[in-house]
1. Which of the residues spanning region A:296-312 are of a type outside the set (D, E) and either in a loop (DSSP other than H, G, I, E, B) or free of Cβ contacts under 8 Å to residues at least 24 places away in the same chain (or both)?
2. Return the total of residues in region A:87-135 being in a helix (DSSP H, G or I) and either at pLDDT 75 or above or under 16 Å from A:R68 (Cβ atoms) (or both).
3. Output yes when any residue across region B:68-82 is closer than 25 Å to A:V236 by Cβ and either modelled with pLDDT of 95 or more or facing chain A (nearest Cβ under 9 Å) (or both), and no when none is.
4. Take A:L285 and decide whether it is facing another protein chain (nearest Cβ under 10 Å), aliphatic (A, V, I, L, M) and either touching a helix residue (DSSP H, G or I) at 6+ places or on another chain (Cβ under 9 Å) or closer than 21 Å to A:R115 by Cβ (or both).
5. Which condition number in (1) β-branched (V, I, T); (2) within 21 Å of the chain's Cα centre (by Cα); (3) part of a helix (DSSP H, G or I) is the one that A:V236 fails?
6. Condition (residue is in contact (Cβ under 8 Å) with a residue 24 or more places away in the chain and farther than 25 Å from B:P20 by Cα) applied to region B:71-79: is it met by at least one residue?
7. Could you identify the single residue in A:F245, A:F253 that is more than 12 Å from every other protein chain (Cβ to nearest Cβ), free of Cβ contacts under 8 Å to residues at least 60 places away in the same chain and under 26 Å from the mean Cα position of the chain (by Cα)?
Amino acid sequence: MKRSELCSRRKSSVGIASSLVLPGRRTCPQVVLMEALSCGERRLGSDEEYAAPAVGVSLCDSAPLVWRMQDLRAVRAQGLVGALLGSLPRTPRQNGRLGRPLLLLPEEEGLLRERRAAAALPDRCQQDWGGAELRQKHEEEEKKSFEEQSVLALEDRKLALLRAMTGAESGATSADEALRRRLQALDQNFTFPQSAMAVQLSTARAGLSYCPEARAFLQAYGPTGAEPRCDARYQVFRDLRGRGFYLTSAGKFGGDFLVYPGDPLRFHAHFIAVCVSLDESVCLLDVLAVARLGSNVKKTVLLCSPGPDARVCYTSLQWSGMI
Amino acid sequence: MSGASGGEKRPPPNWILQHPAYQQMKDLQIEDSAQVHAAFLVYMDLTEVRRWKEVSCVKSSELQVVLLEAREKEGAPTLTILPLPAHQSVTHKSIRHVLDRGFPVLLCAVAADSTLVYQRMTDGLVTPDPPVGPFQDMGRRQHRKRRQQR
């Protein structure tokens, strides 16, 4: 691809970088997650690095989910994007930035299986996870943290009073006296309320799971069985991934896949892939609709069909420019 | 047409049926008359409206349709045009047949009101044109906008 094309199609990354640099509220956890994932991809380099240990895939009904950080990195390193589903602990009430688990497309799961790079994790409910021990450990850690924080809070309060004393005008001796008395009383009377305590949420643990009630709820809305066109989609997915493209689902554009020339974090999609079998009859109005949509969003519509000799043929639809 | 006073007036002959180009297409013996009609409308558009050069009609025996071949202007490459009524269906296989002829293909959908829509079809993956600059990095402006909205 020409360098000028690369530059013009690359997403502005300065916005993301600047939010990483700024402290406090601006640090977006999900962006950190995504950058960590794509950094893993750059380090591992070419696709020959399948020697990495297998990725653990948890099945929720038939939806393949990836929970652990190292697994997410491994999945991304193989060029598979997936879709994050979970909410972030610090920013739960939004849908712009999501966290783990990562939902794999059926084609992505199929590709991992084919490369023997994935293994189903055992069903959580059956194993003894030592829930009681975990809880006890958590409570002990919380207590320790509370004690540390009380000490620090007391020191903070003393410093604040001292600052108030030295900052006060020299004339107001009575105010000074009152402050000194408060300082002396602080050691006895100070209590650090439980509600003011800062709680640390450890999200990097490997043992993430959902409780049985949530699992039952999710089962009720499990995805439907295999669609008749699923094989065509898989062939197309495998072929395009083999050519180095990154693919995500294209529900927003009425197609099957969105095809990116590189990592979706860095590029806009070039193609909307619509997978049909060679003999499948498509209404011409549908072809026109998807082609028009593609030209409106500056993407080429690709009609993809797996051919008889395990090759896939592609037809690009573009606006003719003839009004 | 308004009726004349008195007896019935014979309707004028259908000019399409008498047009030499239409008769040429008829001679190709395609059963789908709707497709032949669509092909004729595209022919008229290319020759009279857009004034393309060397417009000719060809039969595709695998698909049993009339195809048109034309050049946009002198010296331009030949294109194959596939005219189809808009309500019909098409398979990827038939599109590949037309592409196999070796020329760039234009699919033309003909609606019931004779509106014509042309789509270019090419084999392989054609990268779309990049968006036109100049580009301005949104950067913090989006953050600021969102905070103000809150």
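The values are calculated or read from the model by the stated rules, or taken from the named source; none is laboratory data. This one's a predicted model, so the numbers in the text were calculated from it and none came from an experiment. Heads up, the Cβs are rebuilt from the backbone with ideal geometry, glycines too, and the neighbour counts pull from every protein chain shown.
1. Listed by number, the residues that qualify are A:N296, A:V297, A:K298, A:K299, A:G307, A:P308, A:A310, A:R311.
2. 14
3. Checking region B:68-82: at least one residue is closer than 25 Å to A:V236 by Cβ and either modelled with pLDDT of 95 or more or facing chain A (nearest Cβ under 9 Å) (or both).
4. no
5. (2) is the only condition that A:V236 fails.
6. Looking for residues that are in contact (Cβ under 8 Å) with a residue 24 or more places away in the chain and farther than 25 Å from B:P20 by Cα, one finds at least one in region B:71-79, hence yes.
7. That would be A:F253, the only listed residue that is more than 12 Å from every other protein chain (Cβ to nearest Cβ), free of Cβ contacts under 8 Å to residues at least 60 places away in the same chain and under 26 Å from the mean Cα position of the chain (by Cα).
Residue-wise test of (1) over 16 Å from the mean Cα position of the chain (by Cα); (2) closer than 23 Å to B:H37 by Cα.
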site	(1), (2)
B:L63	yes, yes
B:V90	no, yes
B:V98	no, yes
B:V110	no, yes
B:T127	yes, no
B:D137	yes, no
B:R144	yes, no
